[in-house]
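As C-alpha cells, the structure follows; a few thoughts come after it.
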Amino acid sequence: MNNNINYKFSGHETFHCRPIWLKKGYDYAFENKDIPGNIFSNDDAVIELGVGKNMVSSIKFWLRAFGFFNLHTNRLEGLSHDILDDDGYDPYLENDATLYLLHYLLIKNVKTASIYNLAFIKLAKEKLEFTPSNLQAFIERKCIKAGVEYNAKTLKNDINVFLKNYIPSDENKGGLEDNFNGLFYDLRFLNKVSVDGEKKFRFNINEGKNLPEVVFLYALLDKFEGATSINLEAIRDNVSSIFLMEKQGTYSLIKRIVEKYPDFITFKDDGGRQEVQIREGINKDEILEEYYARF
C-alpha cells in the first residue's frame with residue numbers, strides 16, 4: 001500500500017455545497033470559536049445554522065474541503081477570514097473570481113475531497129466525455145493501483161455530489177435547500193451532452209478568457225511557492241489543467257498577467273524555451289487583497 005496517498009470520498013452526507021453554506025458555517029464557527037470540542041456537534045448547531053443534523057455535518061465538511069476549517073483544532077484557517085468575514089473579500093460569493101478561487105482550493109485539497117482532483121486533473125487528461133460509471137471505474141482503478149480501500153456505494157454518492165456541484169440537477173425535491181444550484185454552476189466547467197443517445201458529461205476545455213488573472217497568478221504562486229523560474233509546460237500541467245485550459249489559452253493568459261503585473265512577472269520565450277520568471281517580493285495574499293479592494 002502507498003501510505004502517501006489517502007483518498008477520501010465521504011463526509012458531505014450526500015449534499016452538494018449550497019452557495020450560502022460557507023458563510024453560514026463560517027459565522028457559526030467564528031461565533032463559537034471559544035467553545036472547546038467539536039463545535040458542529042453542539043446541540044444548538046442545528047438551530048443556529050437553520051438546517052438538519054446531516055446538513056450541519058455537510059457544512060462542516062465543505063468548510064474543511066476548502067481548507068477553511070481544521071478538524072483537529074476546531075478552528076477556522078486558510079482564506080476563511082479573508083473571504084467570508086463580514087468585512088472580507090466576498091462573503092456572499094458574488095464575484096466570479098471567488099468561485100474560480102474556491103474551485104482551485106477544492107482541487108488542491110486531495111485528502112479531504114479527492115474526487116475533484118482525480119476528475120479534473122487525472123480523468124480530464126484521458127477522457128473528455130464520461131458517464132458516472134466511467135468516472136467510478138476510473139477512480140476505482142486509481143484506488144486499486146494506490147492500494148487505497150474504497151466503498152463502491154460511497155463512491156457512487158460522491159460522484160453524484162460532484163456532478164451537482166457543477167451542473168444543475170434535473171430533479172427538484174421541493175425544499176428550499178434542494179432548489180439551490182451547485183456552487184460552481186456558473187463556471188461552466190462541465191456540460192451535459194448526448195452521445196449516440198447516451199447521457200454523458202463533458203469537460204469544457206477552454207481558453208481561459210473568463211478566468212481572472214489574479215486567480216491564475218495566485219494558483220501559480222501557491223503551486224510553485226518560492227520558485228523564481230517556471231517552465232511553461234510545468235504551468236500547463238500543474239495550474240492550467242485545474243481550470244481546463246488548453247495550450248494557447250495558457251500562453252495568452254500569461255501574457256495578460258505580465259501586462260498586469262509587470263513589476264513582478266516576466267515571460268521569457270527564447271529559442272523554444274518558454275518560462276515565467278518571478279521576481280522577489282511578490283506575495284500571493286497581497287495580490288488577492290489588492291484585487292478585491294477595488295470592489
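Below are the figures for this structure:
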{"quantity": "Residue among Lys111, Lys122 that alone is of a type in the set (Lys, Arg), in the same structural domain as Val161 (by TED's automatic domain parsing) and part of a loop (DSSP other than H, G, I, E, B)", "calculated": "Lys111"}
{"quantity": "Residues that are among the hydrophobic types (A, V, I, L, M, F, W, C) and part of a helix (DSSP H, G or I), drawn from segment 1-51", "calculated": "Trp21, Leu22, Ala29, Phe30, Ile39, Phe40, Ala45, Val46, Ile47, Leu49"}
{"quantity": "Residue match in segment 82-95 (condition: touching a Gly at 6+ places or on another chain (Cβ under 8 Å), closer than 24 Å to Glu13 by Cα and not assigned by TED's automatic domain parsing to the domain that holds Phe184)", "calculated": "no"}
{"quantity": "Among (1) farther than 21 Å from Asn117 by Cβ; (2) without any contact (Cβ under 8 Å) to a residue 40 or more places away in the chain - the single one Val51 does not satisfy", "calculated": "(2)"}
{"quantity": "Count of residues meeting criterion [under 17 Å from Asn191 (Cα atoms) and either assigned to a helix (DSSP H, G or I) or among the hydroxyl-bearing types (Ser, Thr, Tyr) (or both)] in segment 127-136", "calculated": "5"}
{"quantity": "All positions within segment 1-56 that are of a type in the set (Ser, Thr, Tyr) and either crowded, with 17+ Cβ neighbours inside 10 Å or farther than 21 Å from Tyr185 by Cα (or both)", "calculated": "Tyr7, Ser10, Tyr26, Tyr28, Ser41"}
{"quantity": "Hey, Gly182 in contact with a His (Cβ under 8 Å, 6 or more places away or on another chain), in the same structural domain as Leu135 (by TED's automatic domain parsing) and either at pLDDT below 90 or over 21 Å from Leu123 (Cα atoms) (or both) or not", "calculated": "yes"}
{"quantity": "Test result for Asp85, of a type outside the set (Gly, Ala, Ser), touching a Phe, Trp or Tyr at 6+ places or on another chain (Cβ under 9 Å) and more than 27 Å from Phe189 (Cα to Cα)", "calculated": "yes"}
{"quantity": "Residue list for segment 122-145, filter: crowded, with 16+ Cβ neighbours inside 10 Å and within 19 Å of the chain's Cα centre (by Cα)", "calculated": "Leu123, Ala124, Leu135, Ile139"}
{"quantity": "Among (1) of a type in the set (Asp, Glu); (2) under 30 Å from Asp85 (Cα atoms); (3) in contact with a helix residue (DSSP H, G or I) (Cβ under 9 Å, 6 or more places away or on another chain), the one test that Glu275 misses", "calculated": "(2)"}
{"quantity": "Long-range neighbours under 6 Å by Cβ, at least six apart or interchain, first residue assigned to a helix (DSSP H, G or I) within segment 146-165, second among the hydroxyl-bearing types (Ser, Thr, Tyr)", "calculated": "Thr154/Ser10; Asn157/Thr14"}
{"quantity": "Residue selected from segment 67-96 under the condition within 15 Å of the chain's Cα centre (by Cα) and in a helix (DSSP H, G or I), by the criterion modelled with the lowest pLDDT", "calculated": "Asp96"}
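Residues checked against (1) touching a Ser or Thr at 6+ places or on another chain (Cβ under 6 Å); (2) of a type in the set (Phe, Trp, Tyr); (3) closer than 25 Å to Leu244 by Cβ; (4) touching a residue at least 12 places away in the same chain (Cβ under 8 Å):
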| residue | (1), (2), (3), (4) |
| --- | --- |
| Arg18 | no, no, yes, yes |
| Lys23 | no, no, no, yes |
| Tyr28 | no, yes, no, yes |
| Ser57 | no, no, no, yes |
| Ala65 | yes, no, yes, yes |
| Phe68 | yes, yes, yes, yes |
| Leu76 | no, no, no, yes |
| Glu94 | no, no, yes, no |
| Leu105 | no, no, yes, yes |
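The values are calculated or read from the model by the stated rules, or taken from the named source; none is laboratory data. Remember, it's a predicted structure, so these values are computed and weren't measured experimentally. Note that each Cβ is placed from the backbone with ideal geometry, even for glycine, and that neighbours are counted across all protein chains shown.
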